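Undergrad: Okay, handing you the structure first.
The values are calculated or read from the model by the stated rules, or taken from the named source; none is laboratory data. Everything numeric in this text was worked out from a predicted model, so none of it was measured. Quick reminder, even Gly has a Cβ in these numbers, built from the backbone with ideal geometry, and neighbours come from all protein chains shown. The area values use the complete protein model at the heavy-atom level, side chains included, leaving out ligands, DNA and RNA. Shrake-Rupley method; radii C 1.70, N 1.55, O 1.52, S 1.80 Å.
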Amino acid sequence: MTSLPVQNTRLGKKGIITNIQQYSLHDGPGIRTTVFFKGCPLRCRWCCNPETQAAAPELSYVERKCICKQECGWCAGVCPTEALSFAANGKVQINRARCTSCFECVRICPSQALRREGQAVSVADVLAAVEEQSVFYREGKGGLTVSGGEPLSQPKFLLALLEEAKHRNLNTTMETSGYGEYAVLAQAMRYLDTLFFDIKSLDEAKHQDYTTVSNRRIVENLTQLRRDYPNAYITVRTPVIHGLNDLPEEQTAIRAYVRQMPNTAFEALPCHRFGEPKYATLGRKYTFISGQSSLLF
């Protein structure tokens, strides 16, 4: 009797992402395809991807794209909870408390002013998009990068995606805040060629204030990871944030912490405000106005 082939259950694993960005040049070696996971336990004041913070899909609205009630107005007509109305200038107003994220308004919006942030995709869907760019990966060790949000917040999807990517001989990189279950992080390392690991501050009180979570788990995870995987290549990244980590003693402490680890590089990142306009589209306020530093260490 002929046996049937074993089905690859990894391909059907699903997760929620916000974007697949082709031709990325700063998310690992070579030319990358970066997959942005949705969901993050941190709420960094300076976050440039606020659409990746909440775990569930959510509604965003770009006012400048709206063609107004006078020319359209269809969205309010299909909203089952009457969460949409119009301002005096004809632009849409969203009652976020009433919105149930049914996304009927997104379906009918002709100008794409209303948008769904977060789509459910399978491992097969993601790798199909990644492999479309395979011609660019032949030189320079390009490949797949998982980012976010926080990839560790979707462990089953993350591990299935990385394992299948390595099965297909794709170069893999992950960008992480380091805040997650250590068992998941350690298992992910088995399928990673490169890891970018954020250390935002070694001061627990400041880290809590600026990100809403303690740094204790993050520091413990990196320390344990270096013990368990001493030969793996890791780059520690620190965004330089005024008031959080740009004092000389804070810079020295982070460098000293990284320096005592094997096969660990360090990269300082300048703070920017490119993500500021996104907050308004999600109905949120961007409060991190003056907190940027020109210092790099």
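Undergrad: Looking only at segment 179-195, which residues are open to solvent by less than 20 Å² (accessible area, probe 1.4 Å) and either in a loop (DSSP other than H, G, I, E, B) or under 22 Å from R43 (Cβ atoms) (or both)?
TA: Within segment 179-195, the first condition is being open to solvent by less than 20 Å² (accessible area, probe 1.4 Å), and the residues that meet it are 180, 185-186, 188-189, 194-195.
Result: G180, L185.
Undergrad: Which residues, counting only those in segment 228-251, are assigned to a loop (DSSP other than H, G, I, E, B) and closer than 29 Å to R273 by Cα?
TA: Residues of segment 228-251 that are assigned to a loop (DSSP other than H, G, I, E, B), as a first pass: 229-233, 241-247.
I241, H242, G243, L244, N245, D246, L247 - these are the residues of segment 228-251 that are assigned to a loop (DSSP other than H, G, I, E, B) and closer than 29 Å to R273 by Cα.
Undergrad: List the pairs whose first member sits in segment 1-25 and is in a strand (DSSP E or B) and open to solvent by 100 Å² or more (accessible area, probe 1.4 Å), whose second member is modelled with pLDDT of 95 or more and of a type in the set (A, V, I, L, M), and whose Cβ atoms are under 8 Å apart, counting only residues at least 6 apart or on separate chains?
TA: Final answer for the pair search is K14/A120; K14/V121; K14/V123.
Undergrad: How many residues are within 20 Å of C102 (Cβ to Cβ) and open to solvent by 30 Å² or more (accessible area, probe 1.4 Å) if we restrict to segment 77-92? Don't jump to the end; show me each part of the working.
TA: So the first thing to find is which residues in segment 77-92 are within 20 Å of C102 (Cβ to Cβ), and the list is 77-86, 92.
With open to solvent by 30 Å² or more (accessible area, probe 1.4 Å) added as a condition, the list becomes 77-78, 80-82, 85-86.
Qualifying residue count, segment 77-92: 7.
Residues are listed down the side, and each one gets a yes or a no for (1) within 20 Å of K14 (Cα to Cα); (2) at pLDDT below 95; (3) not hydrophobic (A, V, I, L, M, F, W, C):
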| position | (1), (2), (3) |
| --- | --- |
| K69 | no, yes, yes |
| T81 | no, no, yes |
| K91 | no, no, yes |
| A97 | no, no, no |
| C109 | no, no, no |
| S134 | no, yes, yes |
| Y137 | no, yes, yes |
| A160 | yes, no, no |
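Undergrad: Another one. Looking at P29, is it open to solvent by 30 Å² or more (accessible area, probe 1.4 Å), closer than 27 Å to K141 by Cα, part of a loop (DSSP other than H, G, I, E, B) and at pLDDT below 95?
TA: It is true that P29 is open to solvent by 30 Å² or more (accessible area, probe 1.4 Å), closer than 27 Å to K141 by Cα, part of a loop (DSSP other than H, G, I, E, B) and at pLDDT below 95.
Undergrad: I've got another one for you. Of all residues in segment 106-139 being small (G, A, S) and assigned to a loop (DSSP other than H, G, I, E, B), which is nearest to the chain's Cα centre (by Cα)? Outline the logic, then answer.
TA: Start the filter on segment 106-139 by keeping residues that are small (G, A, S), which leaves 111, 113, 118, 120, 122, 124, 128-129, 134.
Right, trim to assigned to a loop (DSSP other than H, G, I, E, B) and you get 111, 113, 118.
Numbers: S111: 26, A113: 22, G118: 11 Å.
Here the answer is G118.
Undergrad: Now for a separate question. Quick check on my filter: what residues within segment 201-227 are charged (D, E, K, R) and part of a helix (DSSP H, G or I)?
TA: Within segment 201-227, the subset charged (D, E, K, R) is 203-204, 206, 209, 216-217, 220, 226-227.
Matches in segment 201-227: E204, K206, D209, R216, R217, E220, R226, R227.
Undergrad: Could you say whether any residue in segment 168-178 is open to solvent by 50 Å² or more (accessible area, probe 1.4 Å) and either out of contact with any Asp or Glu (no Cβ under 6 Å at 6 or more places or on another chain) or not in a helix (DSSP H, G or I) (or both)? Reasoning before the result, please.
TA: Pass one, segment 168-178, residues open to solvent by 50 Å² or more (accessible area, probe 1.4 Å): 168-169.
Those left that are additionally either out of contact with any Asp or Glu (no Cβ under 6 Å at 6 or more places or on another chain) or not in a helix (DSSP H, G or I) (or both): 168-169.
Looking for residues that are open to solvent by 50 Å² or more (accessible area, probe 1.4 Å) and either out of contact with any Asp or Glu (no Cβ under 6 Å at 6 or more places or on another chain) or not in a helix (DSSP H, G or I) (or both), one finds at least one in segment 168-178, hence yes.
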